[in-house]
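The values are calculated or read from the model by the stated rules, or taken from the named source; none is laboratory data. Small disclaimer: the values here were computed from a predicted structure and weren't measured. Here Cβ is always computed from backbone atoms with ideal geometry, including for glycine, and neighbour counts include all displayed protein chains.
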Amino acid sequence: MSERVIPIVDHQYAASVPQIPAHAADVQAQPTDRLRRPLHDLRISVTDRCNFRCTYCMPKEIFDKHYEFLRHTDLLSFEEITRAARVFVDLGVRKIRLTGGEPLLRKNLERLVEMLHALRTLNGTPPELTLTTNGSILARKAQQLKDAGLD
């Protein structure tokens, strides 16, 4: 008896997946959103932890009393984050926003900012680096983050 493979393709799903160019340096093949606008911003969540329990980053539907936060070993390393960000910057991303949870709870975040600041956009400048924070510990870290390259 011969074995026959019948490929099944969900064309609706396939059409909704953004196409990634084969060569990241190909500026003409920049990724776009569903409305075919070029993607220039990248949002990176560096932790799922937060020192507040507001609904902005911890909605009750997801973060109930039984929610288990990610272990530190389950988070991407700064090197892994930088490697992924480099791919997107090479594709035309100009702005990187660090988020969480509360990103300032991630230890040595200044080091990640330095690493991301060392990347170069297609026009040779560092990407714009921003941070979404609740501000509760920003005063302690603001100067270090600025010195590391946070805009």
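Just the residues that are more than 18 Å from residue 72 (Cβ to Cβ), in a loop (DSSP other than H, G, I, E, B) and of a type in the set (Lys, Arg), please, taken from the stretch 82-126.
Selection gives 94, 120.
Just to be sure I understand, how many residues within the stretch 92-116 are at pLDDT below 95 and of a type in the set (A, V, I, L, M)?
Going through the stretch 92-116 one residue at a time, the tally reaches 0.
Of the residues that sit in the stretch 21-48 and are in contact with a strand residue (DSSP E or B) (Cβ under 9 Å, 6 or more places away or on another chain), within 29 Å of residue 109 (Cβ to Cβ) and loosely packed, with under 14 Cβ neighbours inside 10 Å, which one is modelled with the lowest pLDDT?
38
Quick one: which residue in 128, 110 is surrounded by 15 or more Cβ atoms within 10 Å (Cβ to Cβ), free of Cβ contacts under 8 Å to residues at least 40 places away in the same chain and touching a Leu at 6+ places or on another chain (Cβ under 7 Å)?
110
Taking the condition in a loop (DSSP other than H, G, I, E, B), on the phi < 0 side of the Ramachandran plot and within 15 Å of the chain's Cα centre (by Cα), does residue 129 pass? Before you say what the answer is, go through the steps one by one.
Values: in a loop (DSSP other than H, G, I, E, B): no; on the phi < 0 side of the Ramachandran plot: yes; within 15 Å of the chain's Cα centre (by Cα): yes.
Criteria not met by residue 129.
Of the numbered conditions (1) surrounded by 15 or more Cβ atoms within 10 Å (Cβ to Cβ); (2) farther than 18 Å from residue 44 by Cα, residue 136 fails exactly one; give the number of that condition.
Only one criterion in (1) surrounded by 15 or more Cβ atoms within 10 Å (Cβ to Cβ); (2) farther than 18 Å from residue 44 by Cα is unmet by residue 136, namely (1).
Could you tell me which numbered condition residue 147 fails, if it satisfies all but one of (1) under 19 Å from residue 30 (Cα atoms); (2) not in a loop (DSSP other than H, G, I, E, B)?
(1)
Any residue at all in the stretch 85-99 that's within 16 Å of residue 48 (Cβ to Cβ), within 12 Å of the chain's Cα centre (by Cα) and buried (at least 19 other Cβ atoms within 10 Å of the Cβ)?
Yes: the stretch 85-99 contains one or more residues that are within 16 Å of residue 48 (Cβ to Cβ), within 12 Å of the chain's Cα centre (by Cα) and buried (at least 19 other Cβ atoms within 10 Å of the Cβ).
Does residue 77 satisfy the condition of being surrounded by fewer than 18 Cβ atoms within 10 Å (Cβ to Cβ) and at pLDDT 95 or above?
On the way: surrounded by fewer than 18 Cβ atoms within 10 Å (Cβ to Cβ): yes; at pLDDT 95 or above: yes.
Yes: the conditions hold for residue 77.
Any residue at all in the stretch 113-122 that is free of Cβ contacts under 8 Å to residues at least 40 places away in the same chain and crowded, with 20+ Cβ neighbours inside 10 Å? Step through it out loud before you land on a result.
Here is the first cut: in the stretch 113-122, the ones free of Cβ contacts under 8 Å to residues at least 40 places away in the same chain are 113-121.
Retained after the next criterion (residues that are crowded, with 20+ Cβ neighbours inside 10 Å): 113, 116.
Looking through the stretch 113-122, at least one residue is free of Cβ contacts under 8 Å to residues at least 40 places away in the same chain and crowded, with 20+ Cβ neighbours inside 10 Å.
Is there a residue in the stretch 58-73 that is at pLDDT below 95, surrounded by fewer than 17 Cβ atoms within 10 Å (Cβ to Cβ) and in a helix (DSSP H, G or I)?
Yes, the stretch 58-73 contains a residue that is at pLDDT below 95, surrounded by fewer than 17 Cβ atoms within 10 Å (Cβ to Cβ) and in a helix (DSSP H, G or I).
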